[in-house]
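Structure record follows, encoded as structure tokens.
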Amino acid sequence: MHQDTKEVEARLERFVRDRLFPSIYSNKHPLVISAWEAAREPVPFYIAKEQEFKSVPIGWKFGRAWSTTWLRVSGEMPFIDQQEEFYKPEILVDFGYNRSRSGFQAEALAYSPSGTPIKSIAPKNSWLPWPIESEYIEFYLEVAANPDVAGEYSFAPTNFGEWETSPEVKLYALNELCIALLDERVWGLTQDVIAIQGLMNSLPDYSTRRHNLLRACENMLDIVSADDVSKNVQHARNALATVLNEPASASSHKVIATGHAHIDTAWLWPLRESIRKCARTFSNVLSLMQKHPKFVFSCSSAQHYVWMRDFYPEIYSGILERVKSGQWVPVGGMWVECDGNLPGSEAMVRQFVYGQKFFQDNFGIRAKEAWLPDSFGYSGALPQIIKQSGLDFFLSQKMSWNQTNTMPHHTFWWEGIDGTRVFSHFPSADTYNSELTGQELGFAEKNFAEKGRASISLIPFGWGDGGGGPTREMLGAAYRTENLEGSPRVSLGSAAEFFEAAHQEYPNAPVWRGEMYLELHRGVFTSQLRTKQGNRRNEALLREAELWSTYATLRTGMTYPAEQLRKAWEEVLLLQFHDILPGTSIAWVHREAEIKHQEISQTLNKIIQQSLSNLVNDLESSANEVEMTSNVSASEKSGISPLAVGIEEKSKGPALLQVIPEGVILENRNIRVIIDKTGHITSLKNLSDGREAISPNHVANEFHLHADLPNKWDAWDIDFHYKRRIEVLNQVTSYLYGQSEAGHVWLEIVKSISSSEKITSIVKEKLVLYPDALDLEIELDIDWHEKEKLLKLSFPIDVHAEQVAAEVQFGHVWRPTHVNTSWDHARFETCQHKFVHLREENWGIAFANDSSYGYDISRNTDANGSTITTLRFSLIRAARFPDPNADQGLHSMKFRIKPGASILEAVKLGYSLNYPERRIMGNRIIEPLVFCDADEVIIETVKLAEDGSGDLIVRLYESIGSRVNCNLRLNIPFETVSRSSLLEEPLDLEVERENSIISLELRPFQIATLRFYGVKQ
Ligand SMILES: [Zn+2]
């Protein structure tokens, strides 16, 4: 046979574009349109409706960036006599957007005249249903003129990230708003052809099936009338029916397709827009459900439901109804889809506690699958937190974005740092925004790594990132691939159905142990420092506020501020969303996050002050008021036990400062530091072992300024080539030293950065040694005006470290210092929480920080064979997309360095720096409410139960990776105690108790939660 495959394919393509699509609608009739433009921020329907609307014509230009335009639309129904049942009247809308992408441009929500949401309008879903029986058409459209901030992802700096900086130009136009007739037969033929084209393109050239499909299309093209597709459309469909009815093979891959809409809680739009994105997306989903009873929609994030409950009660009640019928499935069990690395220990727990609690209280269900398709890497602490929150499964997809290495599994057991395993899946379609095209389905099968052992994968489908969700076209694709030769078998279902089937089929799936490091987006540990600092500060304040208010409630009868604490938690959890905490949103989002964090801090500080004041002031005592100090760190401070308030012991003697020709020596009875005149540390010794920490011929505390020009994804990425350009800051503009009255000694150096910008950046650094301290403190004040630069602080340490410990939630991970494998090499910028610990046998050094997460480690060998392990903190960046002014201005942060420190001391140094003591006048010492006799066990949380019962919750964990038997003493009477889940529900586990002492055995990094009942005030 002569080959004409390419020609037939081209003929088909032209027919689809020029004949088929334009034939779906006919009989377009104009409507009467008037508009009202809101002043700035969105208003609810009932306010908009009362405004003065002015008549506008088709072609009218409107919508400066971020503005809202309300359209009132009306007209007579022109098709009232239409008898053909395959004709459906629909409203067609076009705001002049680019039709190639959904979720990133103008979108609208249609309301009935009484204010009931009908359905959304988006570039790829731009129609509204209308009943043919209606004689009159009337509705409102709330049009959000969201600018396309990303454009074609050139990553050029944009002014669209704030209202004020956005250009005053009208972005959209009323290109179409009419009523027309949809020909369901032509629409059906279109879906048939798209399904066949997709399948053809997924099959190899040599495939017989591929050619059968093509020739069926050719036959269809010969039959169909090009002048009027509707004329013999049924014959055309019949020509395709045979190939569409050929069944799938017995061994075909199985796909469970679950409807989904990944809605980024904030990103290239502010939080307020996400509320409307949820409303639009969910109204679209509810509208689709009316016609498609088999369609199941998986929807995460308690916060998104809360918005519907509070702002869109009609949509919320529609959701409740569909949850009840099982068509709408809440997934994830988290407050938001948060970052997978940065949230602190208790915050990661509360993502699940408040998420699951909301699902339970409002829907009567618990999510079974953790759902983080888009977060930038996953902490090794997550499996334990997921399992202890009552979830059995984990879903992600993001690891397919790895730049270097391919994750070996799609279905697997994920084992956490403590040994807990959770059954996990990465959709092999490599997307959470599938359209269920033939190409995507074919790729899902081709890419599925478990072939031969397992046969099923999950595909979440629906427009996502900017929301939108599934469309009727996607469902059309699903129906056509239920049982289709050459395609995976697609069935509509829930994620839980998938996980249960996958687990049953593949119980011995392979295991991935430890963290899942995303080999991309390495800048997210550092970008938008103030947002990160707000988070870190409030995580600490929440722990402190819960602890002291619990003490005050149980010991003084103060009312527990449950509502304020819950609200503060929910706000912090919201700001941990996977584009907010990582620092990858527009300026608007980060400005608001910083303000919100400040407000939360004020509330929490008030709770702490009030609680402490109640505790330390005994009104019946005649004792004099003295200065008291609170200690919520994990170790004794100046004679005060952890989680107690007492009177500080006097220091055993001041630290000393000595000026030498090379610079200064700061020294106390524990450590000795030599700093040269450029502020570099040339020597750092723990005096008890006398060992020098700094590598010979090297200096520490060196600022490295790098050009930071990612190939793409500016705020997200640090690319390896940044290392090739380095400037050491040596330009000292001020050099001061001194000794305070309190006995500490300090050296302050100011350095300037000669920038091409008009304003010079200033780095002020103070190195402080306190009288009895075992560590050196570094305080940084940076006035930052650089652009596309990365500032690092370097410490070359004389330690033969094979691997480095970095804190994660409830423990730490070990990461190699070498680059033997491509996996090690790709890990060139990683993250930590409060500490990093470098060690060789019998000696280590701890570095704690109060702000930053990013760091890098490298190793080198000096002339005599000693290993130089260099730790460099990533202090600050200045990406220009999506926030062109990211990180400009003043920043303060602190570090502490403790030479000769064990891993346990590193853990405690982290707590010590992040939980500074408070001073308060009082006349009563406060003993710890709860005390543990094992040093390595950290009491992370002391609070009252979420259910308002007054029960006491204590959460603790083994912090260094050892097995430990410990005794926990509660210094307050109680009736009974149980081990409980993170959700504070009792577990069927024995608790060994003798009077007020509980005995526990903990495995490495195990989290244990105790619930004490009948606690007496
Ligand atoms: Zn996302």
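The values are calculated or read from the model by the stated rules, or taken from the named source; none is laboratory data. Everything quoted here is computed from the prediction, not taken from an experiment. Positions of Cβ are generated from backbone atoms using ideal geometry, with glycine treated the same way; all protein chains shown enter the neighbour counts. What goes into the accessible areas is simple: the full protein's heavy atoms, side chains included, and nothing from ligands, DNA or RNA. Shrake-Rupley method; radii C 1.70, N 1.55, O 1.52, S 1.80 Å.
A compact table of results
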quantity	calculated
Single unsatisfied condition, Phe295 versus (1) in a loop (DSSP other than H, G, I, E, B); (2) open to solvent by 30 Å² or more (accessible area, probe 1.4 Å)	(2)
Residues within segment 362-391 that are charged (D, E, K, R) and within 16 Å of the ligand (Cβ to nearest atom), tallied	1
Qualifying residue in segment 837-854 (condition: open to solvent by 10 Å² or more (accessible area, probe 1.4 Å), assigned to a strand (DSSP E or B) and in contact with a strand residue (DSSP E or B) (Cβ under 7 Å, 6 or more places away or on another chain))	yes
Selected residue [small (Gly, Ala, Ser) and either in contact with a Lys or Arg (Cβ under 8 Å, 6 or more places away or on another chain) or surrounded by fewer than 21 Cβ atoms within 10 Å (Cβ to Cβ) (or both)] from Ala901, Ala878	Ala878
Segment 462-478, residues that are away from the ligand (no atom under 16 Å from the Cβ) and either closer than 20 Å to Ser494 by Cβ or open to solvent by 10 Å² or more (accessible area, probe 1.4 Å) (or both)	Pro470, Thr471, Arg472, Glu473, Met474, Leu475, Ala477, Ala478
Criterion (of a type in the set (Lys, Arg) and free of Cβ contacts under 8 Å to residues at least 40 places away in the same chain) met by exactly one of Lys567, Lys532	Lys567
Ser549 within 16 Å of the ligand (Cβ to nearest atom) and at pLDDT 95 or above	no
Of residues in segment 479-522 being open to solvent by 40 Å² or more (accessible area, probe 1.4 Å) and in a helix (DSSP H, G or I), the one farthest from Ser300 (Cα to Cα)	Arg480
Looking only at segment 113-146, and only at residues there that are over 21 Å from Leu182 (Cα atoms) and part of a loop (DSSP other than H, G, I, E, B), the one that is most open to solvent (accessible area, probe 1.4 Å)	Ser114
Candidates Leu581, Leu604 - the one that is closer than 19 Å to Ala540 by Cβ and within 16 Å of the ligand (Cβ to nearest atom)	Leu581
Matching residues in segment 300-323 - criterion: being within 21 Å of Leu575 (Cβ to Cβ) and not small (Gly, Ala, Ser)	Gln303, His304, Tyr305, Val306, Trp307, Met308, Arg309, Asp310, Phe311
Enumerated strands (runs of 3 or more DSSP E) restricted to segment 774-817, each holding at least 1 residues that are closer than 30 Å to Pro654 by Cα and open to solvent by less than 10 Å² (accessible area, probe 1.4 Å)	776-784, 789-797
Residues of segment 317-333 that turn out to be part of a loop (DSSP other than H, G, I, E, B) and either open to solvent by 20 Å² or more (accessible area, probe 1.4 Å) or in contact (Cβ under 8 Å) with a residue 60 or more places away in the chain (or both), as a count	2
Test: residue in segment 394-415 that is small (Gly, Ala, Ser), more than 16 Å from the ligand (Cβ to nearest atom) and open to solvent by less than 10 Å² (accessible area, probe 1.4 Å)	no
One residue from Gln533, Gln504 being touching a Ser or Thr at 6+ places or on another chain (Cβ under 6 Å) and away from the ligand (no atom under 16 Å from the Cβ)	Gln533
Residue among Ser611, Ser585, Ser630 that is at pLDDT 95 or above, part of a loop (DSSP other than H, G, I, E, B) and of a type in the set (Gly, Ala, Ser)	Ser585
Filter result for Ala449 (open to solvent by 10 Å² or more (accessible area, probe 1.4 Å), away from the ligand (no atom under 16 Å from the Cβ) and within 20 Å of Ser400 (Cβ to Cβ))	yes
Answer from Ala593, Ala552, Ala568, Ala644 - the residue that is under 17 Å from Thr265 (Cα atoms) and open to solvent by less than 10 Å² (accessible area, probe 1.4 Å)	Ala593
Top-ranked residue of segment 751-773 - restricted to ones that are open to solvent by 10 Å² or more (accessible area, probe 1.4 Å) and of a type in the set (A, V, I, L, M, F, W, C), ranked as farthest from Asp708 (Cα to Cα)	Ala773
Considering residues of segment 808-841 that are of a type in the set (Phe, Trp, Tyr) and in contact with a Ser or Thr (Cβ under 8 Å, 6 or more places away or on another chain) only, the residue farthest from Asp339 (Cα to Cα)	Trp823
Qualifying positions in segment 259-280 - assigned to a strand (DSSP E or B) and either open to solvent by 20 Å² or more (accessible area, probe 1.4 Å) or within 14 Å of the ligand (Cβ to nearest atom) (or both)	His260, Ile263
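Listed here are the residues, each with its yes/no results for (1) modelled with pLDDT of 95 or more; (2) not in a loop (DSSP other than H, G, I, E, B).
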residue: Ile47; (1), (2): yes, yes
residue: Gln51; (1), (2): yes, no
residue: Gly59; (1), (2): yes, no
residue: Trp66; (1), (2): yes, no
residue: Thr69; (1), (2): yes, yes
residue: Val73; (1), (2): yes, yes
residue: Gln83; (1), (2): no, no
residue: Pro89; (1), (2): yes, yes
residue: Gly96; (1), (2): yes, no
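For (1) more than 25 Å from Thr281 (Cα to Cα); (2) in contact (Cβ under 8 Å) with a residue 12 or more places away in the chain, each residue gets a yes or a no:
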position	(1), (2)
Arg17	yes, no
Ser23	yes, yes
His29	yes, yes
Phe53	yes, yes
Phe79	yes, yes
Tyr97	no, yes
Gly103	no, yes
Leu109	no, yes
Ile118	no, yes
